[in-house]
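Just passing along the structure, written as structure tokens.
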Amino acid sequence: MQFHYIHGTNSLVFKEIWQIYEESFPPDERRTLAQQEELFNRKNYVLLAVYKENKLVGFISNWVLDSFCFVEHAAIKKSHQGKGFGTKSLALYLKKVNKTFILEVELPTSQIARKRIDFYKKLGFKLNDFDYVQPSYSKSKKSVHLMIMSYPKELKGDEFEEIKKEIYKKIYGI
């Protein structure tokens, strides 16, 4: 697995990543293209194309903050799912960065949501049982009740509150 940094929206690789993004996340859980373009001006934001043998298989969008990394979105192309690329790429990235990682997951109310949670658990993420709402990305979108997963350990209440404040401020601008 190899990672390539993406620095803007004008490349063919970005266009392919954007297609994966739109296919993988519901509208309320994703940014608009204009919002995505703005992210490339933010110093803490990183968009990585994930390659296997020089073929794009997916992406990871991530915020490298002072005390943790926040994985905002990660997805593998539908045609490459079930082949271990998601597991291998995230495991490699976790080792490469060597920080606490945080990500949002849907509530475990459906089989697919439980499957995603189990996927992250196999990588060593812990599901934290705290009330969490992903703020809406815009006025035309809804906020979403989600849960926070953390790596490598479960969060304590005060840690969760501090991380939540930082996510709201730096990622969502609240």
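Can you find even one residue in the range 44-55 that is over 19 Å from Leu90 (Cα atoms) and open to solvent by less than 90 Å² (accessible area, probe 1.4 Å)? Don't jump to the end; show me each part of the working.
Here is the first cut: in the range 44-55, the residues over 19 Å from Leu90 (Cα atoms) are none.
Scanning the range 44-55 turns up no residue that is over 19 Å from Leu90 (Cα atoms) and open to solvent by less than 90 Å² (accessible area, probe 1.4 Å).
So Gly157 fits all but one of (1) more than 19 Å from His73 (Cβ to Cβ); (2) of a type in the set (Gly, Ala, Ser); (3) within 16 Å of the chain's Cα centre (by Cα); what number is the exception?
Checking Gly157 against (1) more than 19 Å from His73 (Cβ to Cβ); (2) of a type in the set (Gly, Ala, Ser); (3) within 16 Å of the chain's Cα centre (by Cα), the one that fails is (3).
Quick check on my filter: what residues within the range 142-157 are under 21 Å from Pro27 (Cβ atoms) and part of a loop (DSSP other than H, G, I, E, B)? Steps first, answer last, please.
At the first step, the residues of the range 142-157 found to be under 21 Å from Pro27 (Cβ atoms) are 142-147.
Lys142, Ser143 - these are the residues of the range 142-157 that are under 21 Å from Pro27 (Cβ atoms) and part of a loop (DSSP other than H, G, I, E, B).
I would also like to ask the following. What number of residues in the range 107-128 are within 18 Å of Lys153 (Cβ to Cβ) and in a loop (DSSP other than H, G, I, E, B)?
Matching residues across the range 107-128 total 3.
If you don't mind, another one. Among the residues of the range 96-128 satisfying the criterion of being polar (S, T, N, Q) and open to solvent by 20 Å² or more (accessible area, probe 1.4 Å), which is modelled with the lowest pLDDT?
The initial filter retains those residues of the range 96-128 that are polar (S, T, N, Q), namely 98, 100, 109-111, 128.
Cutting the leftovers down to open to solvent by 20 Å² or more (accessible area, probe 1.4 Å) gives us 98, 100, 109-111.
Working: Asn98: 83, Thr100: 96, Thr109: 95, Ser110: 94, Gln111: 95.
Across the range 96-128, the extreme among qualifying residues is Asn98.
Tally up the residues in the range 129-141 that are surrounded by fewer than 16 Cβ atoms within 10 Å (Cβ to Cβ), assigned to a loop (DSSP other than H, G, I, E, B) and in contact (Cβ under 8 Å) with a residue 12 or more places away in the chain, please. Write out each step before concluding.
Step one: of the range 129-141, the residues surrounded by fewer than 16 Cβ atoms within 10 Å (Cβ to Cβ) are 129-131, 133, 135-136, 138-140.
Cutting the leftovers down to assigned to a loop (DSSP other than H, G, I, E, B) gives us 135-136, 138-140.
From the residues that got through so far, the ones that are in contact (Cβ under 8 Å) with a residue 12 or more places away in the chain too are 135-136, 138.
Within the range 129-141, residues that are surrounded by fewer than 16 Cβ atoms within 10 Å (Cβ to Cβ), assigned to a loop (DSSP other than H, G, I, E, B) and in contact (Cβ under 8 Å) with a residue 12 or more places away in the chain number 3.
Also, I was wondering about something else. How about the range 64-92: which of its residues are open to solvent by 10 Å² or more (accessible area, probe 1.4 Å) and assigned to a loop (DSSP other than H, G, I, E, B)?
Result: Asp66, Ser67, Lys77, Gln81, Gly82, Lys83, Gly84.
For the structure I just gave you, tell me whether Ser140 is modelled with pLDDT of 95 or more and of a type in the set (Ser, Thr, Tyr).
On the way: modelled with pLDDT of 95 or more: no; of a type in the set (Ser, Thr, Tyr): yes.
For Ser140, the condition - modelled with pLDDT of 95 or more and of a type in the set (Ser, Thr, Tyr) - is not met.
Could I ask something else about it? Give me the pairs: first residue in the range 1-21 and farther than 18 Å from Thr32 by Cα, second residue open to solvent by 90 Å² or more (accessible area, probe 1.4 Å) and part of a helix (DSSP H, G or I), beta-carbon distance under 6 Å, and six or more apart or on different chains, which are they?
Pairs that qualify, where the first residue is farther than 18 Å from Thr32 by Cα and the partner is open to solvent by 90 Å² or more (accessible area, probe 1.4 Å) and part of a helix (DSSP H, G or I), are Met1/Lys88.
Out of everything in the range 1-43 that is in a loop (DSSP other than H, G, I, E, B) and farther than 21 Å from Ile76 by Cβ, what residue ends up being least open to solvent (accessible area, probe 1.4 Å)? Write out each step before concluding.
Going through the range 1-43, the residues in a loop (DSSP other than H, G, I, E, B) turn out to be 1, 7-11, 25-26, 30-32, 40-43.
With the extra rule that they be farther than 21 Å from Ile76 by Cβ, the set shrinks to 7-8, 10, 32, 40-43.
On the way: His7: 150, Gly8: 24, Asn10: 144, Thr32: 57, Phe40: 45, Asn41: 128, Arg42: 78, Lys43: 183 Å².
Restricting to residues being in a loop (DSSP other than H, G, I, E, B) and farther than 21 Å from Ile76 by Cβ, the top hit is Gly8.
The values are calculated or read from the model by the stated rules, or taken from the named source; none is laboratory data. Quick caveat, the model's predicted, so the values are computed rather than measured. In this analysis, Cβ positions are derived from the backbone assuming ideal geometry, glycine residues included, and neighbour counts consider all displayed protein chains. When the accessible area is computed, the model is the full protein with side chains, heavy atoms only, and any ligands, DNA or RNA have been set aside. Shrake-Rupley method; radii C 1.70, N 1.55, O 1.52, S 1.80 Å.
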